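Comments concern the structure below.
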Amino acid sequence: MHNAYWRWDDPGPALLKSARGVKARLKAKLVALAEDNGVENASTMRKQELMFAILSAVRKRAGAM
């Protein structure tokens, strides 16, 4: 019987696990980049907030030069 949701030869579960790992590493890299640019409370921000804060910090620093 064919299961429409998942097959043994389907890489779905492994791919999903891999995607979660990539998302976690991306968040960690964004937090590190934010901290390097002087963003406060970076570890508590969402990814969208981190990207905006990083761009704002870089823009502010570039304007001050």
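We did not get these values from a lab; they are worked out from the coordinates using the rules stated. Since the model is a prediction, treat every value here as computed from it, not as a measurement. Counting neighbours? That spans all protein chains shown, and the Cβs are built from the backbone with ideal geometry, glycine included.
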Starting from the Cα of D36, step 7 Å along the direction of its Cβ; do the same at A24; then give the gap between the two resulting points in nm. 2.2 nm
Here the equivalent ellipsoid of segment 12-64, derived from its Cα gyration tensor, has semi-axes (largest first, whole Å) of 28, 9, 8
